[in-house]
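What follows is a set of notes on a single structure, which appears directly below.
The values are calculated or read from the model by the stated rules, or taken from the named source; none is laboratory data. Since the model is a prediction, treat every value here as computed from it, not as a measurement. Methodologically, a virtual Cβ is constructed for each residue, glycine included, from the backbone with ideal geometry; neighbour enumeration extends over all protein chains shown. Just so you know, the surface numbers come from the protein's heavy atoms only, side chains and all, with ligands and any DNA or RNA stripped out. Shrake-Rupley method; radii C 1.70, N 1.55, O 1.52, S 1.80 Å.
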Amino acid sequence: MSTVSNKAWFKNFKPVQEWQYLKIRIWSDEELDVEITEVSFRMSIQQALQSIFGQVGASCYINVLDWNQYHNEGIIKVKQSELTTVWSSMLNHQFVVANKACALDIIASSAHLISLA
């Protein structure tokens with residue numbers, strides 16, 4: 001006898017989208033008078049992941065799609081399965097840029113890149 005159910009309501013659901021897109025800003029209470037490059041942005045994200053979750057967090061796949069150095073905002077692409085790890089590490093991470101305390105702020109999140117444009 002088969003143990004697999006053929007009922008319509010019994011299905012294994014997977015997320016419709018494999019990727020999640022996050023719009024992130026580096027902010028500080030004081031005005032940042034230094035230019036933050038895309039490399040610095042990438043390193044800030046990696047440091048956040050590693051400081052909160054160690055080597056497991058640092059292994060998360062993150063792709064920086066866009067960086068605006070004038071507004072200190074960027075868009076990253078994250079696997080849907082790693083979203084909670086990345087999100088929580090960014091919210092709990094603080095760092096220093098030019099002797100000013102900074103944090104990562106998630107402005108928007110979407111499964112579709114076009115909605116963050």
Of the accessible area of the range 17-115, computed with a 1.4 Å probe and all protein chains kept, carbon and sulfur make up a percent value of 48
When the chain is treated as a Gaussian network with springs between alpha carbons less than 10 Å apart, the largest mean-square fluctuation among 63, 72, 99 is found at 99
In order over the range 22-27: 3J(HN,Hα) from phi, Karplus 6.51/-1.76/1.60, θ = phi - 60°, whole Hz, x for each Gly or Pro, gives 10, 9, 10, 10, 8, 10
Expected field for residue 86, accessible surface area in Å² at 1.4 Å probe radius, rounded to 10, holds 0
Over the chain, with neighbouring protein chains present, the accessible area per residue in Å² at probe 1.4 Å is 67
Here the residues of the range 19-45 lying in the modelled label zone of residue 80, meaning backbone nitrogen under 11 Å from a point 7 Å along Cα-to-Cβ, are 19-20
For the range 91-100, in residue order, the Karplus 3J(HN,Hα) values (coefficients 6.51, -1.76, 1.60; θ = phi - 60°; whole Hz; Gly and Pro = x) are 6, 9, 9, 10, 8, 10, 10, 6, 6, 10
Each label sits 7 Å from Cα toward the beta-carbon; between residue 63 and residue 25 the label points are separated, in nm, by 2.6
Diffing the range 36-50: the Karplus 3J(HN,Hα) column from phi (6.51, -1.76, 1.60, θ = phi - 60°), in whole Hz with x for Gly and Pro, holds 9, 8, 5, 5, 5, 4, 4, 5, 4, 5, 5, 5, 4, 5, 6
Extension length gain for residue 87 and residue 32 (0.36 nm per residue less Cα distance), in nm, is 17.5 nm
Options (1) 35, 16, 10; (2) 24, 19, 11; (3) 22, 18, 15 for semi-axes √(5λ) of the Cα gyration tensor in Å; the value derived from the coordinates is listed as (1)
